[in-house]
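I have placed the structure first, in the form of structure tokens, so that the comments after it can refer back to it.
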Amino acid sequence: MPWDYSNKVMQLFRDAIAGKAGTHFGKVETPDGQGHHGSMQCGDAMEFTFRVDRTGDDPKLDRIVEARYQTFGCTSAIASSEALCRMLEERKITPIEAIAIKNADIVDYLEGLPPQKLHCSVMGAEALQAAVVDWARKRDVPLSDLGIDPSQLVEDEGRVVCHCFTLTEPYIRRKVKELNLRSIEEISAAIKAGGACTSCHHEPGGLQDILNDVWGVQPAPVASPNVPLPEPSPSSPAGRNARTPYQLAKEVERVVDKVIRPRLALEGGDIEIVEIRDKKVFCRLLGVCAACVGAQQTLNFVVEDSLRQNVDPEIEVIPVTV
Amino acid sequence: MSKQPIYLDNNATTCVAPEVLDVMLPFLKEQYYNPSSTYPEASFAHDAIERAREQVARIVGAGTRSEILFTGCATEGNNAALWGALRANPDRKHVVTTAVEHPAVLEVAKDLQRFGYRVTVLPVDTAGRLNAGDLLKALAPDTAIVSIMHANNETGVMFPVGELARLVKRVDPKIVFHTDATQTVGKVPMSLSKDLAAVDLLTMSGHKVHAAKGVGAMFVRRGARWRPFLIGGHQERGRRAGTENVAGIVGLGRACTLALESYREEERLRQLQQWLEQSIKAKIPNVFVNGEGAERLPNTSNFAFEYVEGEGILMALVDAGILASSGSACTSGSLDPSHVLKAMNVPFSAAHGSLRISMSRYTTGAEVDRLIEVLPGVIDSLRRISPYWDQEKNAPREGVDIFVQEKYR
């Protein structure tokens, strides 16, 4: 589908990859705050660092003066990273004020993002929050002053719901509430959960269950799952000599090992049995035999004749050349 | 953009050849009659369709032109192939296909499961190749149809469908063998009377061979166990109802004759492909070619650039006036990278950074040179921003590659 990016997104992206003056990729030396969000598996990841200006002993007077990012991701991920750093430096705010910046603010700064790209702005907000928490730890600021429940940070460790992006139930619950996500589509757009293989959508404890639980909806009746039909039992071929297909295959293998292989080996060749179906033996010649112009003769006179004599006169040998 | 862009996305669609447009126009103007009408004025359109049928039959090497049906697109053809084979074999409930098929086959197969059919999806190896043994083992007593594409649209990897069809027929001649040849018709020579003699159904599209969008063709071998999909008219001898897209069909016929003449281009494209791949590998670290080592189309190169994201690559190329495509998640609307690259077990780090270059007979050496000139700078600037890349060493950050390989291989 064609891109639906604002001019702002395009401008920030172009500036960033051109490395224009005033862009923010990179890393702050000895950062006061450092945060990370995303992973290579998810398709985007961001390393975010900032430096503060300390006016006194009170950490609450610290102001963010420099912000840098390193980002692996698409156009809007890079633009979101750039936007976040610009917002922080333009506003010269304290880390505690910065934590109030949500993904919606980044979207506003970017003059909008396509719905399926919202997760790029969420990544920026998450990395920022992680960096502020890091700053608070370094500066001995209690997390409660940030309006963050310290238990929440540990809580995000938990049962993995979305295995594609390794997202846990506590994390998804928290984001569903914070970002007011009301449907599976909204969840995928914002935090990616359920956006890939989709198997967590309706499984027990999956995204729909979390939504129902958070927003207090009765679980909808679940459509009966696809139960694959049982494999029909293959019609038993009533052979004249009552050999099961398994026994026949075993005998073919025995004759190949004892009789055919040694003969082919004399000429530096070998054979691989690809599949045995009824009395049809699909095989591949290997080594010099594979390249030999007489391969067909070899199959007819060595392989097929031996199997007919030793196993069953109706055996047919079919070459596999791919 | 004032200048014409360099178009390297020919597996997505192709430009309409000027000769094709020329033969189409009369049927959009004065020759608008319904080819089924009885007055003499309509016979021109009718005859033009039959001539186009002959031209399509020739490019795929069909024995007679009556084995060719015109469709709306390859997607219709693929739907018709699968459903038509199943309806003609009601006692058979099993379908075999591959993990790398186009969604027009794979999604139909998924849908079939909802109707109680069993589907076996064959895996591919890391170079995108099928294993004949897997195919033979997958065949069940009630297998109705095997559908295997001729060449993959993303990687250009070709499957030996002629030989695979022959093996399937040796196990059970009643199994219908279908191949989606959308990416091969017009690019590599083929013959349904020779190398593909065991193939029952073949589907193709017009707009991949420099004809217009909205027209396709389907080969149905005489005597194949297949029932029509679109019903409701006597057109195409009742096998595909609906008033014919006369202009599109006539254009497709012309496009086929042009493609047949251009088969000598194959060697030139192969050389361009080789030049492109060698140059990119020499100029850019941590890149590999998906499907390398397998037999591939001459026009397609699928690169995986580690530690960068494909959408960013495309966007930066657009700014340089080059149009291509990517298997990255960000370009797909879903958050999942290409199902083809995943089936090939390409690590996520690289699947996200995939770039598909697909040429046509109109692609020039100068255009490929321009790509070779621009791409290293694009990858470099994106890697500079990436947290996984060490700019000073111009290599992945220590530990990153090990992490990636272990987690996603």
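Read the figures in this text as sums done on the coordinates, not as results from a lab. Quick caveat: nothing in here was measured; it's all calculated off a predicted structure. No Cβ is skipped: glycine too gets one built from the backbone with ideal geometry, and neighbour counts run over all protein chains shown.
Assorted remarks:
- Shielding by other protein chains, A:17-25, mean Cβ within 10 Å: 3
- Amide H contacts of A:Arg63: A:Asp53, A:Thr55, each under 5 Å away and 5 or more positions distant or on a separate chain (H built 1.01 Å from N in the peptide plane; Pro and chain starts excluded).
- Helix B:365-385 and the longest principal axis of the C-alpha atoms of chain B enclose an angle of approximately 50°.
- In terms of other Cβ atoms within 10 Å, B:Ser338, B:Ser325, B:Ser43 run from fewest to most in the order B:Ser43, B:Ser325, B:Ser338.
- Along chain B, longest interval not containing exposed GluC sites (Glu not before Pro), exposed being DSSP loop plus at most 12 other Cβ atoms within 10 Å: B:31-391
- Shape category assigned to the stretch B:1-126 from the gyration tensor of Cα positions, a/c cut at 1.5: oblate
- Of the trypsin sites (Lys or Arg not before Pro) found in the stretch A:1-46, the ones in coil according to DSSP and having at most 16 other Cβ atoms within 10 Å of their Cβ are A:Lys20, A:Lys27.
- Other residues whose C-beta falls under 13 angstrom from the C-beta of A:Gly38 contribute a net charge of -3, scoring Lys and Arg +1 and Asp and Glu -1.
- Average partner coverage of A:277-287, which counts Cβ from other chains inside 10 Å: 2
- Within chain B: Cβ-based charge dipole about Cα centre, in debye rounded to nearest 20 (Lys, Arg +1; Asp, Glu -1): 1200 debye
- Most fluctuating residue given options A:Leu118, A:Leu61, A:Leu248, as computed from a GNM of chain A linking Cα atoms under 10 Å: A:Leu248
- Total formal charge among the other residues, if their Cβ is under 15 angstrom from that of B:Gln31, Lys/Arg +1 and Asp/Glu -1: -3
- Counting DSSP beta bridges with both ends in the protein assembly as shown, the antiparallel % (nearest 5): 70 percent
- Sequentially through the stretch A:19-24, phi angles give Karplus couplings (6.51, -1.76, 1.60; θ = phi - 60°) of x, 5, 4, x, 8, 10 Hz, Gly and Pro residues having no value and appearing as x.
- Take each residue of peptide B:346-352, count the partner chain Cβ atoms within 10 Å of its Cβ, and average: the result is 3.
- Gap separating the Cα centres of the stretch A:92-129 and the stretch B:336-398, nearest whole Å: 28 Å
- Net charge contributed by nearby residues that have their C-beta within less than 10 Å of B:Ile231 (K/R +1, D/E -1): +3
- For A:Cys283, residues with placed amide H under 5 Å, excluding near neighbours: A:Val274, A:Ile318, A:Val320
- Each of A:Tyr171, B:Tyr263, B:Tyr33, B:Tyr307 was scored by other Cβ atoms within 10 Å of its Cβ. Arranged with the fewest first, they read B:Tyr263, B:Tyr33, A:Tyr171, B:Tyr307.
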